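Each remark here refers to the structure printed beneath this line.
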Amino acid sequence: MILFDLDGTLVDSVPDLAWCGNAMLQQLEMPTRDLASARAWVGNGVERFVKRFISGAMDGEPDEAVFNRGLEIFNRLYADNVSRRSVVYPGVGEALQQFSGMEIHLACVTNKPEPFTSDLIAALGLASFFELVVAGNTTARKKPDPMPLHYAADHFGLDYAECLMVGDSSNDVSAARAAGFSIVCVPYGYNHGIRISESNPDLIVDSLEQLAELFARGGV
């Protein structure tokens with residue numbers, strides 16, 4: 001099985017997330033944030049993203065009442081804007097098409113909750129590639145916990161050593177290591193502004209097309 005992260009690996013979703021975050025802040029009568037900050041804040045689920053947007057800090061903890069109101073506003077906005085500005089990264093569709101011709105189970109795992117996850121995947125034409133989608137609320141714990149990865153492997157009855165995680169962040173690396181998966185990363189996604197090489201994945205590829213070619217040649 002190859003288990004793909006979604007945001008920052010398959011899809012650049014920051015334009016929609018940032019738009020909704022700023023529209024939320026406008027309704028809260030708070031200063032808006034720039035796109036670079038939004039990119040650094042993605043990766044730990046909607047709740048943490050909203051806390052970061054409100055507080056303006058990676059580990060910020062805003063007033064609970066403000067956060068609860070902001071989260072309600074954000075979820076309402078994002079439900080209508082999950083795919084309006086988001087785009088599939090170049091070569092992703094071609095790579096998934098190539099992988100789908102191999103004897104490999106393909107699945108997606110993300111900290112983004114349902115129904116946002118399925119709506120985004122469907123809107124961008126990726127749903128048909130995946131036999132399984134594990135969203136942020138599918139299991140009791142999210143990445144970097146290994147639970148979502150084990151859930152996917154167990155679904156197909158696979159040994160964890162037979163599974164590969166493909167992601168863009170330290171969360172993906174930590175989850176894969178804890179799950180007993182191999183881990184390949186792309187350098188173009190969201191990793192809180194830190195080079196993914198610092199997380200020491202098994203391999204870094206410039207694109208998913210490069211990874212598909214390596215599989216086709218038996219190099220992975």
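The values are calculated or read from the model by the stated rules, or taken from the named source; none is laboratory data. The structure presented is a predicted model; accordingly, all values stated were derived computationally and were not measured. Backbone-built Cβ (ideal geometry, glycine too); neighbour counts: all protein chains shown.
Can you give me the number of residues within the range 144-160 that are without any contact (Cβ under 8 Å) to a residue 40 or more places away in the chain and closer than 15 Å to ALA175 by Cα?
Total meeting the criteria: 8.
On the given criteria, is VAL82 modelled with pLDDT of 95 or more, touching an Asp or Glu at 6+ places or on another chain (Cβ under 8 Å) and within 27 Å of GLU209 (Cβ to Cβ)?
When the stated conditions are applied, VAL82 passes them.
Tell me which helices (runs of 4 or more DSSP H) are completely within the range 16-108 and hold 2 or more residues being outside the structural domain of ALA175 (by TED's automatic domain parsing) and free of Cβ contacts under 8 Å to residues at least 24 places away in the same chain, or say none if there are none.
Helices (runs of 4 or more DSSP H) meeting the threshold: 35-41, 46-55, 64-81.
Looking at (1) surrounded by 15 or more Cβ atoms within 10 Å (Cβ to Cβ); (2) in contact with a helix residue (DSSP H, G or I) (Cβ under 7 Å, 6 or more places away or on another chain); (3) farther than 29 Å from MET58 by Cβ, which one does GLY93 not meet, given that it meets all the others?
(2)
Quick one: what pairs do we get from the range 174-202, first residue in the same structural domain as TYR151 (by TED's automatic domain parsing) and on the phi > 0 side of the Ramachandran plot, second in a loop (DSSP other than H, G, I, E, B) and surrounded by fewer than 15 Cβ atoms within 10 Å (Cβ to Cβ), C-beta under 7 Å, 6+ apart or different chains?
Short answer, once both residue conditions are applied: HIS192/MET58.
Report, by residue number, each residue of the range 189-213 that is at pLDDT below 95 and hydrophobic (A, V, I, L, M, F, W, C).
If the condition is that a residue be at pLDDT below 95 and hydrophobic (A, V, I, L, M, F, W, C), then ILE194 is the only one that fits.
Being assigned to a strand (DSSP E or B), farther than 23 Å from LEU17 by Cβ and either among the aromatic types (Phe, Trp, Tyr) or in contact with a strand residue (DSSP E or B) (Cβ under 8 Å, 6 or more places away or on another chain) (or both): is that true of VAL184 here?
Yes.
Among the residues of the range 151-182, how many are over 17 Å from ARG141 (Cβ atoms) and within 16 Å of the chain's Cα centre (by Cα)?
3
Quick check on my filter: what residues within the range 34-71 are among the basic types (Lys, Arg) and more than 14 Å from the chain's Cα centre (by Cα)?
Residues satisfying the conditions are LYS51, ARG52, ARG69.
Taking the range 1-57 as the region of interest, how many residues are among the β-branched types (Val, Ile, Thr) and out of contact with any Asp or Glu (no Cβ under 9 Å at 6 or more places or on another chain)?
Number satisfying all stated conditions: 5.
Among the residues of the range 187-220, what is the count of those that are surrounded by fewer than 19 Cβ atoms within 10 Å (Cβ to Cβ), outside any helix (DSSP H, G or I) and of a type in the set (Gly, Ala, Ser)?
4
Quick test for you: out of THR139, THR117, pick the one residue that is within 17 Å of the chain's Cα centre (by Cα) and in a helix (DSSP H, G or I).
Only one candidate qualifies: THR117.
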